[in-house]
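Engineer: Please find one structure pasted underneath; my questions will follow.
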Amino acid sequence: MDPTIAGKTVIVTGAAHGIGLAIARRFVELEANVVLADMDEEKLDAEVEALQNGRGKATAFSGNLREKLTVNNLLATTIDSFDRVDVLVNASRQVLTSDPLDDEEVFEQLMHQNVTVNMRLAQAVAKRMIQQTPKREPDESIGAIVNLSSIASTRTRPELLAYSVSTAALDQLTRSLAVAFAPHGIRVNGIAMGSLMSASLRQSLRDNPDLHDKIVAATPLGHIGEADEAADAAAFLASCKAHFITGQILAVDGGRSLLDPVDIPAH
């Protein structure tokens, strides 16, 4: 149990599968009250049922968060269930490849899913955090927001143009909201993932068996990380152990983002 998380209310989006589910499970283990949000209602209900024997409490919310009304309904469900919200983990994201010469539709889709939806959720949750803490001490942290991003935000691969730009925008959104929300005691940080066994990576490995060895070769620690790596990072950033950390993008990638993909000197 983490006494700084136990009893807190946490919203985790994209929580029916992969990394989002691992994060939700971790907060339940830490005795938090967790609202798992996702569009996959059947899988979501099954996972929430499995979590009922955990230390914390879990409830499900199914809906399309691309719609403004659904964002409001998610927050209302959270308040109805647990009276407050203390942590938001924006773990719902889309990863798509596209033709860089003809990707306007994909570009708009990923910018909306990976940036606009996260911004709306962060704004709505921040307003509630401020409302429920009318007498904040000057150095008191009243809430934490964690955005899941990717090391793609700093890499340049044409087929990932839309995804890379959306994650770069999400990183800047994280930094901007951190400054904007800081006077209210709300911390905002990001996790740049790479070399983690997400649902999308698992599918890519099925489609391309050679990809596993390529990723391992490009990762200094020499293996693909598990979803729990992101869960640990999210729990840390949400806890009082990160009380003086805001506006940071923590790379959880086994060192992959440190390497120059071109094996020749840069001079």
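Engineer: Take the residues of segment 169-203 that are over 14 Å from the mean Cα position of the chain (by Cα) and of a type in the set (Val, Ile, Thr): which is farthest from GLN248 (Cα to Cα)?
Structural biologist: ILE186
Engineer: Take segment 63-118 and flag every residue that is modelled with pLDDT of 95 or more, among the charged types (D, E, K, R) and not in a loop (DSSP other than H, G, I, E, B).
Structural biologist: ASP80
Engineer: Sticking with this one: Has segment 218-225 got at least one residue that is assigned to a strand (DSSP E or B) and modelled with pLDDT of 90 or more?
Structural biologist: Here is the first cut: in segment 218-225, the residues assigned to a strand (DSSP E or B) are 225.
Next, only the ones that are modelled with pLDDT of 90 or more stay: 225.
Scanning segment 218-225, I find at least one residue that is assigned to a strand (DSSP E or B) and modelled with pLDDT of 90 or more, so the answer is yes.
Engineer: May I ask you to verify whether SER149 is surrounded by 17 or more Cβ atoms within 10 Å (Cβ to Cβ) and either out of contact with any Asp or Glu (no Cβ under 9 Å at 6 or more places or on another chain) or of a type outside the set (Asp, Glu) (or both)?
Structural biologist: Working: surrounded by 17 or more Cβ atoms within 10 Å (Cβ to Cβ): yes; either out of contact with any Asp or Glu (no Cβ under 9 Å at 6 or more places or on another chain) or of a type outside the set (Asp, Glu) (or both): yes.
Considered against the rule, which asks whether it is surrounded by 17 or more Cβ atoms within 10 Å (Cβ to Cβ) and either out of contact with any Asp or Glu (no Cβ under 9 Å at 6 or more places or on another chain) or of a type outside the set (Asp, Glu) (or both), SER149 comes out as yes.
Engineer: Of everything in segment 5-17 that's within 13 Å of the chain's Cα centre (by Cα) and farther than 14 Å from ALA46 by Cα, which residue is surrounded by the most Cβ atoms within 10 Å (Cβ to Cβ)?
Structural biologist: Across segment 5-17, the extreme among qualifying residues is VAL12.
Engineer: Please determine, by comparing only the residues of segment 119-148 that are small (Gly, Ala, Ser) and under 12 Å from VAL188 (Cβ atoms), which one is modelled with the lowest pLDDT.
Structural biologist: First, the residues of segment 119-148 that are small (Gly, Ala, Ser): 122, 124, 126, 141, 143-144.
Filter once more, so that each one left must be under 12 Å from VAL188 (Cβ atoms): 122, 126, 141, 143-144.
Values: ALA122: 98, ALA126: 98, SER141: 93, GLY143: 97, ALA144: 98.
Looking at residues that are small (Gly, Ala, Ser) and under 12 Å from VAL188 (Cβ atoms), I get SER141.
Engineer: Kindly evaluate ALA234 against the criterion of being in contact with a Ser or Thr (Cβ under 7 Å, 6 or more places away or on another chain) and either assigned to a loop (DSSP other than H, G, I, E, B) or at negative phi (or both). Explain how you work it out, then say what you get.
Structural biologist: Numbers: in contact with a Ser or Thr (Cβ under 7 Å, 6 or more places away or on another chain): no; either assigned to a loop (DSSP other than H, G, I, E, B) or at negative phi (or both): yes.
In short, no.
Engineer: Still on this structure, please answer the following. I'd like to verify a number: residues in segment 1-59 that are without any contact (Cβ under 8 Å) to a residue 24 or more places away in the chain and either over 24 Å from HIS243 (Cβ atoms) or in a strand (DSSP E or B) (or both), how many?
Structural biologist: 9
Engineer: Counting only residues that are farther than 14 Å from GLY18 by Cβ and among the charged types (D, E, K, R), which one in segment 207-252 is nearest to the chain's Cα centre (by Cα)?
Structural biologist: Only one residue fits best here, namely ASP232.
Engineer: Among the numbered conditions (1) modelled with pLDDT of 95 or more; (2) crowded, with 18+ Cβ neighbours inside 10 Å; (3) over 13 Å from LYS127 (Cα atoms), tell me where LEU177 comes up short.
Structural biologist: For LEU177, the failing item is (3).
Engineer: Looking at MET197, MET193, can you tell me which residue is in contact with a strand residue (DSSP E or B) (Cβ under 6 Å, 6 or more places away or on another chain) and at pLDDT below 95?
Structural biologist: On the way: MET197 fails: in contact with a strand residue (DSSP E or B) (Cβ under 6 Å, 6 or more places away or on another chain).
Every option except MET193 fails the conditions.
Engineer: Among (1) assigned to a helix (DSSP H, G or I); (2) buried (at least 21 other Cβ atoms within 10 Å of the Cβ); (3) not small (Gly, Ala, Ser), where does ILE191 come up short?
Structural biologist: Here ILE191 meets the rest and fails (1).
Engineer: I would also like to ask the following. If you check every pair at least six apart or on different chains, which have Cβ atoms under 7 Å apart with a residue in segment 221-241 that is among the acidic types (Asp, Glu) first and a residue that is part of a loop (DSSP other than H, G, I, E, B) and surrounded by fewer than 20 Cβ atoms within 10 Å (Cβ to Cβ) second?
Structural biologist: Listed pairs, sorted by first residue: GLU226/MET197.
Engineer: If the requirement is being closer than 19 Å to ASP232 by Cβ and in contact with a helix residue (DSSP H, G or I) (Cβ under 6 Å, 6 or more places away or on another chain), which of these qualifies: ALA15, ALA6, ALA32? Give the derivation first.
Structural biologist: Numbers: ALA6 fails: in contact with a helix residue (DSSP H, G or I) (Cβ under 6 Å, 6 or more places away or on another chain); ALA32 fails: in contact with a helix residue (DSSP H, G or I) (Cβ under 6 Å, 6 or more places away or on another chain).
Just one listed residue meets the conditions, ALA15.
The values are calculated or read from the model by the stated rules, or taken from the named source; none is laboratory data. Being a predicted model, the structure only gives us computed values, none of them experimental. All Cβ positions, glycine included, derive from the backbone under ideal geometry; neighbour counts span all protein chains shown.
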